[in-house]
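Colleague: Structure provided below as structure tokens; questions to follow.
The values are calculated or read from the model by the stated rules, or taken from the named source; none is laboratory data. Since we're looking at a predicted model, the values are computed, not measured. Neighbour counts run over all protein chains shown; Cβ positions are idealised from the backbone, glycine included. Remember, those area values only see protein heavy atoms, side chains included, never the ligands or the DNA or RNA. Shrake-Rupley method; radii C 1.70, N 1.55, O 1.52, S 1.80 Å.
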Amino acid sequence: MKPELLAEAPQIIREFLGYLGTIKGKSEKTVEEYYLDLRTFFRYIKLSRNLVKDDTPFEEISISDVDIDLIRTITLTQVFEYMNYLTNVRNNKPATRSRKVSSLRTFFKYLTNKTNQLDVNPVLELETPKLRSSLPKYLTFEQSIDLLTKVDGKNKERDYCILVLFLNCGLRLSELVGINISNIDFSENRLTVIGKGNKERTIYLNNACVNAIKDYISVRPTEGVKNDSKASNKALFLSNRKERISNRTVQYIVDRELTKAGLDTSKYSTHKLRHTAATLMYQYGNVDIRALQELLGHESIATTEIYTHVSNEQVRNAVESNPLANL
């Protein structure tokens, strides 16, 4: 978590963040997201109670003085009002509001059940916003091939390798960026990545992945490379500045290549390439749902089941195969 963010957090929230990181094993990014959610909530509480000057911009409201005495006064009604604020003022979508609800639940449960600082949990009856169920967007097999064949430029080996790993392995963006050369075992054709919650998993590489990685490594800079704090952590993917490539740069690369392939970047993204990998493996490879769950690093099989949708063409074929179709 960024030091400047931690510095502005009150003691009671710092202790909670420490619990998330050390006891629950949450990743640094996840811990930071919890803090940002709690910061928004307590900024709202202070604003709604006139605890700040009227002309104070919302983003400048300090929560450094939040303590257990203030927290004890929070009611479920005020949390409902906060959810209305998120919807009507901040225009948060259901998925964003759902995450914020989860953050509040975890925080108040910690104060009630883990540290016994609260006698009553005010958000115990807080419901999660209903999410609209929709099928994941993904590239077709033909679109995927077209995307890969359009890659060119001075970093074509790197950019091609990035796309191949996304489309074949279903990696998350953070997992791809975090790959070190030492994570790759060419003798077994496998890759180790660190997923959500700092959980390590093994991904077996097919020929396309192995060839793409080797082609990139053959041209990857070796002189003047800026390693991470640990000298052994040699990033696989480097930026033009010869340091570990950033999430933003990978997103830019993917958007650029999608545009070159004539694909709408408002519909497709790095995460949609993960959807594509999962969908193609399920539809074309008859991959068992449990194997797909393991590959994608999902805790719940329910998350993986969104990829078991069938394409419109499969639905059409089903209707056409009806023996009454030609009467």
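Colleague: State whether one or more residues within segment 234-248 are modelled with pLDDT of 90 or more, aliphatic (A, V, I, L, M), surrounded by 15 or more Cβ atoms within 10 Å (Cβ to Cβ) and in contact with a Pro (Cβ under 8 Å, 6 or more places away or on another chain).
Modeller: yes
Colleague: For segment 60-75, state whether one or more residues are under 25 Å from the mean Cα position of the chain (by Cα), polar (S, T, N, Q) and closer than 23 Å to Glu33 by Cβ.
Modeller: No: segment 60-75 contains no residue that is under 25 Å from the mean Cα position of the chain (by Cα), polar (S, T, N, Q) and closer than 23 Å to Glu33 by Cβ.
Colleague: Applying the selection to segment 196-212, what residues are of a type outside the set (Asp, Glu) and either in contact with a helix residue (DSSP H, G or I) (Cβ under 6 Å, 6 or more places away or on another chain) or open to solvent by 40 Å² or more (accessible area, probe 1.4 Å) (or both)?
Modeller: If the condition is that a residue be of a type outside the set (Asp, Glu) and either in contact with a helix residue (DSSP H, G or I) (Cβ under 6 Å, 6 or more places away or on another chain) or open to solvent by 40 Å² or more (accessible area, probe 1.4 Å) (or both), then Lys196, Asn198, Lys199, Thr202, Ile203, Tyr204, Asn206, Asn207, Ala208, Cys209, Asn211, Ala212 are the ones that fit.
Colleague: Please state which one of Ile45, Ile61 is among the β-branched types (Val, Ile, Thr), open to solvent by less than 90 Å² (accessible area, probe 1.4 Å) and in contact (Cβ under 8 Å) with a residue 24 or more places away in the chain.
Modeller: None of the others qualify; the one that does is Ile45.
Colleague: Determine which member of the set Glu142, Glu125 is free of Cβ contacts under 8 Å to residues at least 60 places away in the same chain, of a type in the set (Asp, Glu) and either within 25 Å of Leu273 (Cβ to Cβ) or not in a loop (DSSP other than H, G, I, E, B) (or both).
Modeller: Glu142
Colleague: Which residues, counting only those in segment 1-11, are assigned to a helix (DSSP H, G or I) and either crowded, with 20+ Cβ neighbours inside 10 Å or among the small types (Gly, Ala, Ser) (or both)?
Modeller: Selection gives Ala7 alone.
Colleague: May I ask you to list the residues in segment 64-76 that are open to solvent by 90 Å² or more (accessible area, probe 1.4 Å) and either at positive phi or not in a helix (DSSP H, G or I) (or both)?
Modeller: Within segment 64-76, Asp65 is the sole residue that qualifies.
Colleague: Hey, another quick one. Of all residues in segment 195-226, which are in a strand (DSSP E or B) and within 14 Å of Leu296 (Cβ to Cβ)?
Modeller: Across segment 195-226, the qualifying residues are Arg201, Thr202, Ile203, Tyr204.
Colleague: Determine, yes or no, whether Ser311 is within 21 Å of Leu139 (Cα to Cα), out of contact with any Asp or Glu (no Cβ under 9 Å at 6 or more places or on another chain), small (Gly, Ala, Ser) and at pLDDT below 70.
Modeller: yes
Colleague: Of the residues that make up segment 77-100, is at least one of a type outside the set (Phe, Trp, Tyr), under 29 Å from Glu175 (Cα atoms) and part of a loop (DSSP other than H, G, I, E, B)?
Modeller: yes
Colleague: Which of the residues belonging to segment 163-186 are surrounded by fewer than 21 Cβ atoms within 10 Å (Cβ to Cβ), touching a helix residue (DSSP H, G or I) at 6+ places or on another chain (Cβ under 9 Å) and among the small types (Gly, Ala, Ser)?
Modeller: Correct list: Ser174 only.
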